[in-house]
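See structure below.
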Amino acid sequence: KEAASRSYAPGAAHVYTVEQALNNNNVLYAGTATAGAWKTTDKGMNWSLITKDLSLNSVYAIEIDHSDFNIVYISGNGGIYKTIDGGLSWTVIGNSVFTNLNHSIKDIKLNPSNNQILFVASSEGLYKSVDGGNNFSIIMSGEFQEIEFHPNSVDTMYFIKKHGDSTIFYRSDNSGNNLISFN
(Lines give C-alpha, C1' and ligand atoms only; values in the text may rest on other atoms or scores of the structure.)
Protein backbone atom coordinates (compact mmCIF):
# COMPACT_ATOMS: atom_id res chain seq x y z
CA LYS A 1 0.00 0.00 0.00
CA GLU A 2 2.78 2.46 0.93
CA ALA A 3 4.81 1.63 -2.19
CA ALA A 4 2.03 2.88 -4.44
CA SER A 5 2.53 6.43 -3.13
CA ARG A 6 6.31 6.44 -3.66
CA SER A 7 8.47 6.30 -6.75
CA TYR A 8 10.80 3.82 -5.04
CA ALA A 9 9.57 0.60 -3.46
CA PRO A 10 12.00 -0.98 -0.97
CA GLY A 11 12.98 -4.47 -2.11
CA ALA A 12 11.99 -3.81 -5.71
CA ALA A 13 14.49 -4.15 -8.53
CA HIS A 14 14.36 -3.25 -12.19
CA VAL A 15 15.14 -6.24 -14.38
CA TYR A 16 17.53 -5.38 -17.22
CA THR A 17 17.74 -8.76 -18.92
CA VAL A 18 16.37 -12.28 -18.77
CA GLU A 19 17.95 -15.13 -20.73
CA GLN A 20 16.70 -18.70 -21.11
CA ALA A 21 19.07 -21.65 -21.56
CA LEU A 22 18.81 -23.19 -25.02
CA ASN A 23 19.60 -26.69 -23.76
CA ASN A 24 17.22 -26.62 -20.76
CA ASN A 25 14.23 -24.28 -21.02
CA ASN A 26 13.55 -24.59 -17.27
CA VAL A 27 16.74 -22.60 -16.55
CA LEU A 28 16.67 -18.81 -16.78
CA TYR A 29 19.05 -16.13 -15.54
CA ALA A 30 18.07 -12.51 -14.85
CA GLY A 31 20.15 -9.36 -14.37
CA THR A 32 18.85 -6.44 -12.32
CA ALA A 33 19.63 -2.77 -11.80
CA THR A 34 20.29 -2.98 -8.06
CA ALA A 35 20.02 -6.61 -6.94
CA GLY A 36 22.63 -8.57 -8.92
CA ALA A 37 21.95 -11.72 -10.93
CA TRP A 38 19.33 -14.38 -10.28
CA LYS A 39 18.70 -17.95 -11.47
CA THR A 40 15.65 -20.17 -11.71
CA THR A 41 15.56 -23.88 -12.53
CA ASP A 42 11.75 -24.13 -12.64
CA LYS A 43 10.83 -21.65 -15.40
CA GLY A 44 10.61 -18.71 -13.00
CA MET A 45 8.51 -20.10 -10.18
CA ASN A 46 11.42 -19.70 -7.71
CA TRP A 47 14.52 -17.53 -8.03
CA SER A 48 17.89 -17.65 -6.25
CA LEU A 49 20.39 -14.80 -5.95
CA ILE A 50 23.61 -16.12 -7.51
CA THR A 51 25.79 -13.05 -6.98
CA LYS A 52 25.38 -12.72 -3.21
CA ASP A 53 29.13 -13.30 -2.68
CA LEU A 54 30.10 -10.57 -5.18
CA SER A 55 30.19 -6.86 -4.45
CA LEU A 56 27.92 -6.35 -7.41
CA ASN A 57 24.61 -4.60 -7.93
CA SER A 58 23.89 -3.90 -11.57
CA VAL A 59 23.89 -6.73 -14.14
CA TYR A 60 22.96 -5.35 -17.54
CA ALA A 61 24.04 -8.22 -19.82
CA ILE A 62 23.90 -12.01 -19.51
CA GLU A 63 24.90 -14.75 -21.96
CA ILE A 64 24.38 -18.47 -21.33
CA ASP A 65 26.60 -21.02 -23.06
CA HIS A 66 24.59 -22.85 -25.74
CA SER A 67 25.85 -26.29 -24.77
CA ASP A 68 26.02 -25.99 -20.96
CA PHE A 69 23.55 -23.86 -18.97
CA ASN A 70 25.98 -23.79 -16.01
CA ILE A 71 28.44 -21.66 -18.01
CA VAL A 72 27.23 -18.06 -17.83
CA TYR A 73 28.74 -14.63 -18.53
CA ILE A 74 27.45 -11.51 -16.76
CA SER A 75 28.43 -7.85 -16.85
CA GLY A 76 29.22 -5.97 -13.67
CA ASN A 77 31.67 -3.68 -11.88
CA GLY A 78 33.12 -2.49 -15.19
CA GLY A 79 33.92 -5.97 -16.52
CA ILE A 80 32.70 -9.51 -17.15
CA TYR A 81 32.26 -12.37 -14.71
CA LYS A 82 32.10 -16.02 -15.77
CA THR A 83 30.74 -19.01 -13.90
CA ILE A 84 31.15 -22.65 -14.92
CA ASP A 85 29.06 -24.02 -12.04
CA GLY A 86 25.73 -22.27 -12.48
CA GLY A 87 26.60 -19.28 -10.31
CA LEU A 88 28.18 -20.93 -7.27
CA SER A 89 31.52 -19.27 -8.04
CA TRP A 90 32.60 -16.46 -10.38
CA THR A 91 35.81 -15.40 -12.10
CA VAL A 92 36.62 -12.04 -13.73
CA ILE A 93 37.63 -12.75 -17.32
CA GLY A 94 39.74 -10.96 -19.89
CA ASN A 95 43.36 -10.02 -20.44
CA SER A 96 44.87 -7.06 -18.59
CA VAL A 97 44.29 -4.61 -21.46
CA PHE A 98 40.55 -5.46 -21.30
CA THR A 99 40.19 -5.65 -17.50
CA ASN A 100 42.09 -2.39 -16.88
CA LEU A 101 39.29 -0.45 -18.60
CA ASN A 102 36.09 0.52 -16.79
CA HIS A 103 33.48 -0.88 -19.17
CA SER A 104 29.77 -0.30 -19.18
CA ILE A 105 28.80 -3.52 -20.91
CA LYS A 106 25.45 -3.50 -22.69
CA ASP A 107 25.55 -6.87 -24.48
CA ILE A 108 27.43 -10.17 -24.49
CA LYS A 109 26.96 -12.72 -27.28
CA LEU A 110 28.44 -16.15 -27.97
CA ASN A 111 28.82 -17.35 -31.53
CA PRO A 112 25.98 -19.88 -31.98
CA SER A 113 28.27 -22.48 -33.56
CA ASN A 114 31.40 -21.97 -31.44
CA ASN A 115 31.12 -21.31 -27.71
CA GLN A 116 34.73 -20.10 -27.53
CA ILE A 117 33.97 -17.02 -29.66
CA LEU A 118 32.52 -14.26 -27.49
CA PHE A 119 31.55 -10.70 -28.47
CA VAL A 120 31.12 -7.77 -26.05
CA ALA A 121 29.38 -4.44 -26.67
CA SER A 122 30.99 -1.97 -24.27
CA SER A 123 31.25 1.74 -23.64
CA GLU A 124 34.93 1.25 -24.52
CA GLY A 125 34.32 -0.50 -27.86
CA LEU A 126 33.31 -3.71 -29.57
CA TYR A 127 35.42 -6.66 -28.45
CA LYS A 128 35.94 -10.25 -29.56
CA SER A 129 37.42 -13.25 -27.78
CA VAL A 130 38.27 -16.53 -29.51
CA ASP A 131 39.24 -18.37 -26.31
CA GLY A 132 36.13 -18.21 -24.14
CA GLY A 133 36.91 -14.79 -22.69
CA ASN A 134 40.50 -15.27 -21.57
CA ASN A 135 41.71 -12.67 -24.06
CA PHE A 136 39.82 -9.91 -25.87
CA SER A 137 40.81 -7.89 -28.91
CA ILE A 138 39.10 -4.69 -29.93
CA ILE A 139 37.22 -4.71 -33.24
CA MET A 140 36.22 -1.02 -33.12
CA SER A 141 36.34 1.72 -30.50
CA GLY A 142 33.28 3.68 -29.41
CA GLU A 143 30.19 3.05 -27.34
CA PHE A 144 28.50 -0.12 -28.57
CA GLN A 145 25.05 -1.09 -27.32
CA GLU A 146 23.84 -4.24 -29.02
CA ILE A 147 25.00 -7.34 -30.92
CA GLU A 148 22.84 -9.79 -32.88
CA PHE A 149 23.54 -12.79 -35.09
CA HIS A 150 21.56 -13.38 -38.26
CA PRO A 151 19.27 -16.37 -37.57
CA ASN A 152 20.47 -18.26 -40.69
CA SER A 153 24.17 -17.34 -40.78
CA VAL A 154 26.67 -17.16 -37.93
CA ASP A 155 28.96 -15.17 -40.22
CA THR A 156 26.42 -12.33 -40.50
CA MET A 157 26.19 -10.08 -37.48
CA TYR A 158 24.60 -6.73 -36.62
CA PHE A 159 25.88 -4.08 -34.22
CA ILE A 160 24.51 -0.81 -32.82
CA LYS A 161 26.94 1.95 -31.85
CA LYS A 162 25.99 5.14 -30.04
CA HIS A 163 27.09 8.28 -31.86
CA GLY A 164 26.17 11.51 -30.05
CA ASP A 165 22.39 11.62 -29.78
CA SER A 166 21.89 8.99 -32.49
CA THR A 167 23.05 5.48 -33.34
CA ILE A 168 24.98 3.89 -36.17
CA PHE A 169 23.94 0.49 -37.52
CA TYR A 170 26.73 -1.88 -38.61
CA ARG A 171 26.70 -5.22 -40.38
CA SER A 172 29.44 -7.79 -40.72
CA ASP A 173 29.42 -10.71 -43.15
CA ASN A 174 32.64 -12.26 -41.84
CA SER A 175 32.01 -13.00 -38.15
CA GLY A 176 32.65 -9.47 -36.90
CA ASN A 177 36.06 -9.06 -38.48
CA ASN A 178 34.99 -6.16 -40.74
CA LEU A 179 32.04 -3.84 -40.10
CA ILE A 180 30.08 -1.93 -42.72
CA SER A 181 28.08 1.14 -41.66
CA PHE A 182 24.55 1.62 -42.97
CA ASN A 183 24.03 5.23 -41.80
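The values are calculated or read from the model by the stated rules, or taken from the named source; none is laboratory data. Bear in mind that the values here come from a model prediction, so they are computed numbers and not experimental data. Please note: Cβ atoms are built from the backbone with ideal geometry, for glycine as well, and neighbour counts cover all protein chains shown. Ligands, DNA and RNA are excluded from the accessible area calculation, which covers all protein heavy atoms including side chains. Shrake-Rupley method; radii C 1.70, N 1.55, O 1.52, S 1.80 Å.
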Original post:
Which one of the conditions (1) open to solvent by 30 Å² or more (accessible area, probe 1.4 Å); (2) at pLDDT below 95 does SER123 fail to meet, given that it meets all the rest?
Top reply: (2)
Original post:
If you check LYS161, LYS106, which single one turns out to be open to solvent by 10 Å² or more (accessible area, probe 1.4 Å) and in contact (Cβ under 8 Å) with a residue 40 or more places away in the chain?
Top reply: LYS106
Original post:
Of all residues in the range 41-63, which are surrounded by 14 or more Cβ atoms within 10 Å (Cβ to Cβ), of a type outside the set (Ser, Thr, Tyr) and in a loop (DSSP other than H, G, I, E, B)?
Top reply: TRP47, ILE50, LEU54, LEU56, ASN57, VAL59, ALA61
Subject >> Hits in the range 25-40 - residues which are hydroxyl-bearing (Ser, Thr, Tyr) and either more than 18 Å from ILE80 (Cβ to Cβ) or in a loop (DSSP other than H, G, I, E, B) (or both) >> reply: THR34, THR40
Subject >> Given (1) within 28 Å of SER141 (Cα to Cα); (2) in contact with a Lys or Arg (Cβ under 7 Å, 6 or more places away or on another chain), number of the condition GLY78 does not satisfy >> reply: (2)
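Mind checking which residues of the range 64-80 are part of a strand (DSSP E or B) and aromatic (Phe, Trp, Tyr)?
Hit for the range 64-80 is TYR73, nothing else.
Rundown of residues vs (1) in a strand (DSSP E or B); (2) touching a strand residue (DSSP E or B) at 6+ places or on another chain (Cβ under 6 Å), yes/no style:
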| residue | (1), (2) |
| --- | --- |
| LEU126 | yes, yes |
| ILE138 | yes, yes |
| PHE144 | yes, yes |
| THR156 | yes, yes |
| ILE160 | yes, yes |
| THR167 | yes, yes |
| ARG171 | yes, yes |
| ASN177 | no, no |
| ASN183 | no, yes |
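Can you pull out the residues in the range 83-100 that are out of contact with any Gly (no Cβ under 6 Å at 6 or more places or on another chain), farther than 18 Å from LEU22 by Cα and either open to solvent by 60 Å² or more (accessible area, probe 1.4 Å) or not hydrophobic (A, V, I, L, M, F, W, C) (or both)? Explain how you work it out, then say what you get.
At the first step, the residues of the range 83-100 found to be out of contact with any Gly (no Cβ under 6 Å at 6 or more places or on another chain) are 83-91, 94-98, 100.
Subset that is farther than 18 Å from LEU22 by Cα: 88-91, 94-98, 100.
Listed by number, the residues that qualify are LEU88, SER89, THR91, GLY94, ASN95, SER96, VAL97, ASN100.
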Original post:
How many of the residues in the range 166-179 are at pLDDT 95 or above and open to solvent by 40 Å² or more (accessible area, probe 1.4 Å)?
Top reply: 6
Subject >> In the range 126-149, residue nearest to ILE64 (Cα to Cα) [restricted to those that are open to solvent by 30 Å² or more (accessible area, probe 1.4 Å) and among the β-branched types (Val, Ile, Thr)] >> reply: VAL130
**OP:** Go through the residues of the range 111-126 one by one and say whether even a single one is at positive phi and small (Gly, Ala, Ser).
**Re:** yes
Original post:
Here are some conditions: (1) among the small types (Gly, Ala, Ser); (2) at pLDDT 90 or above; (3) surrounded by 13 or more Cβ atoms within 10 Å (Cβ to Cβ). ALA13 meets all but one. Which one does it not meet?
Top reply: (2)
Original post:
All but one of (1) surrounded by fewer than 17 Cβ atoms within 10 Å (Cβ to Cβ); (2) farther than 23 Å from GLY132 by Cβ; (3) of a type in the set (Val, Ile, Thr) hold for THR32; which doesn't?
Top reply: (1)
